[in-house]
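All of the numbers you see were taken from the coordinates with simple rules; none came from a lab. Quick caveat: nothing in here was measured; it's all calculated off a predicted structure. Backbone-built Cβ (ideal geometry, glycine too); neighbour counts: all protein chains shown.
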Amino acid sequence: MSRQLTFKIFRYDPLQPEIKPYTQEYQLEEASGMTVFIALNLIREKQDPSLQFDFVCRAGICGSCAMVINGVPTLACRTLTKQYEDGIVTLLPLPGFGLIGDLSVDTGKFMRSISERLQAWLEPKDHEVDIHSLEIPMESEEAEAIYEADRCIECGCCVSSCATAQMRDTFVGAVGFNKVARFALDSRDSREVEDFYHIIGDEDGVFGCMTLLGCQDNCPKDLNHQGQIAYLRRKISMSDRII
Amino acid sequence: MQRIKLRQAGWLDRWQSLSGAILAGFLFIHLHLESSILLGKDAFYKVARMLEAGFLDPSGHGYPSVIVVFGLGLFAVLMVHAIAAIRRFPTKYKQWKILKEFSKTVPQRETNLWQLQLVSGFVLFFLVPVHLLGIVMNPGSIDPNLSAFRIVEQGFGFLYMALLPVAVIHALIGVYRLAMKWFGDKLPREKIFKGATVVTCWLILLGTTSLIVWYYTGITSLPTPLTPYSPL
Ligand code: SF4
Ligand code: SF4
Ligand code: FES
């Protein structure tokens, strides 16, 4: 006989503002290898079809299922229920994003505006592309470093773990720094430190980050935010313009 | 215009860090020198002579003005730190609310530490100038007898009791954060955190024992009438 789990889930539908946010409890029998994501689907299927939450890949790749699970912003599809000894799982939507309903939030809008603001795309060195010429090979360390930064799935956990980002919605957050770092690493990109300074060298960028390291602690992809942000901050500080 | 703004952010961040590091370093040295009272009045007297540059003075006493100049310099660093750090204070009521809510929904060590620093920083902003100006405006008062008198009879002991934990905690959380902020890619986080905790405990212990000894000195061995200490 496996144990009973108790799910305490935040409920609110912005389309029905007359019903104030409340917490609803569900009981569920635990199965082996059960993730929070599996549990939520069972609840929706068997107990309450009105429960809203997101998922696509159920494999930690799409970043849609992020939510606050027992106080930690993380991915529901990668969180095993067996780690909670008392069998109680409290679920809240990610703070800092627009609420769609219950556990579902709109991270897309935020991510898109960050990308646009940070110009998170490749600015190639020469625009004239000769399709007959051989591609310039890239050093494998560089390719690996870029690949590492590209592992970000835009789940939003870093933003929801960061007191700075919560208090100031113009702050770019760790996901934004990671995007900038990704293109700053790329030898095909034509931008210099100076250009990146203009993008993140202000209070909404690296100099606004208070090094609270929530991003480092909770990024489900274990990106090295602590190292990356310190590196960016030093680099940008050393670009000729200051003391 | 935008360029100036950009420049300012980096500039402020750097000055906040630099001035904080200087102040933390000073606090560390200060508490150690001041604890020389644990070795007796003579030891403290010698430290005071050294600080007043007694080695340059043929009479060996030194120049109290050295302390005044140094104190004023420190005051300037303090002001730089306060001005640079003030921008971190949540200015809107809404931000305080979010912060409170956030530390409940997503409880984290780092958010708590930061809140501790906000509060301690605010307290220090008022307490440190009292202490510092007290020293700067009374040149020559760093002396085993005069200091003990200040602590016991003039109530400065209470000020120091409050200052000690607040300043030490603020400084060491700050040092930990500084290390991560600028060298997060090079330094081990948990080790630095542990180190900062150990140093915090050490400094509080050291400061508390010295303060107890100061009280003891003030109660048991003050000359009447009050005169500066002179070694036999
Ligand atoms: S950096 Fe990590 S936590 Fe932030 S969005 Fe990307 S994967 Fe998620
Ligand atoms: S280090 Fe802290 S303040 Fe900076 S981005 Fe990460 S969580 Fe936010
Ligand atoms: S469902 Fe895609 S990351 Fe969880």
What does the C-alpha gyration tensor say about the overall shape of region A:166-243? Classify as rounded when a/c is under 1.5, otherwise prolate if a/b is larger than b/c, or oblate.
oblate
Cβ-based charge dipole, region A:131-171, positive-most Cα from A:SER161, A:HIS132, A:ILE146
A:SER161
Summing -39500 (n - 2.57) over the DSSP H runs of n ≥ 4 in chain A and dividing by its residue number, what mean residue ellipticity at 222 nm do you reach, to the nearest 500 deg cm²/dmol?
-9000 deg cm²/dmol
Structure-based [θ]222 nm, chain B - -39500 (n - 2.57) summed over DSSP H runs of at least 4, per residue, nearest 500:
-26500 deg cm²/dmol
Given axes a ≥ b ≥ c from the Cα gyration tensor, I'd like to know whether chain B is rounded (a/c under 1.5), prolate (a/b larger than b/c) or oblate.
prolate
Cα gyration tensor of chain A, axes a ≥ b ≥ c as square roots of the eigenvalues: rounded (a/c below 1.5), prolate (a/b > b/c) or oblate?
prolate
Under unit Cβ charges (Lys, Arg +1; Asp, Glu -1), what dipole magnitude, rounded to 20 debye, does region A:1-79 have relative to its Cα centre?
180 debye
How large is the dipole of chain A about the Cα centre if only Lys and Arg carry +1 and Asp and Glu carry -1, each at its Cβ, rounded to the nearest 20 debye?
860 debye
Along the charge dipole of chain B, which of B:LEU146, B:VAL69, B:VAL168 sits closest to the positive end, that is, farthest toward it, with unit charges on the beta carbon of Lys, Arg, Asp and Glu (+1, +1, -1, -1)?
B:VAL168
Report, in degrees rounded to the nearest 10, the 0 to 90 angle that the Cα long axis of helix B:64-85 makes with the longest principal axis of chain B.
10 degrees
Sequence-separation-based contact order of chain A, relative, with Cα cut under 8 Å and 6+ spacing, percent
17 percent
Debye, to nearest 20: dipole size of region B:45-132, +1 on Lys, Arg Cβ, -1 on Asp, Glu Cβ
620 debye
Share antiparallel - DSSP beta bridges, region A:1-149, percent rounded to 5:
80 percent
If you build a Gaussian network model of chain A, linking Cα atoms that sit under 10 Å apart, which residue out of A:GLU29, A:GLU18, A:GLU142 swings the most?
A:GLU18
Entries in A:LYS8/A:LYS221; A:LYS20/B:LYS94; A:LYS8/B:LYS194; A:LYS235/B:LYS100; B:LYS100/B:LYS181 that, when Cα-Cα distance is taken, lie over 31 Å:
A:LYS8/B:LYS194; A:LYS235/B:LYS100
With axes computed from alpha carbons, what is the tilt in degrees of helix B:156-183 against the longest principal axis of chain B, rounded to the nearest 10 within 0 to 90?
40 degrees
Cα-based helix-to-principal-axis angle, B:189-220 vs chain B, degrees rounded to 10
30 degrees
Considering the dipole of the protein assembly as shown built from charges on the beta carbon (Lys and Arg +1, Asp and Glu -1) around the Cα centre, which of B:VAL119, B:THR227, A:LEU99 is farthest to its positive end?
B:THR227
Low-density loop positions, trypsin sites (Lys or Arg not before Pro), region B:55-164 - DSSP coil, at most 15 other Cβ in 10 Å
B:LYS92
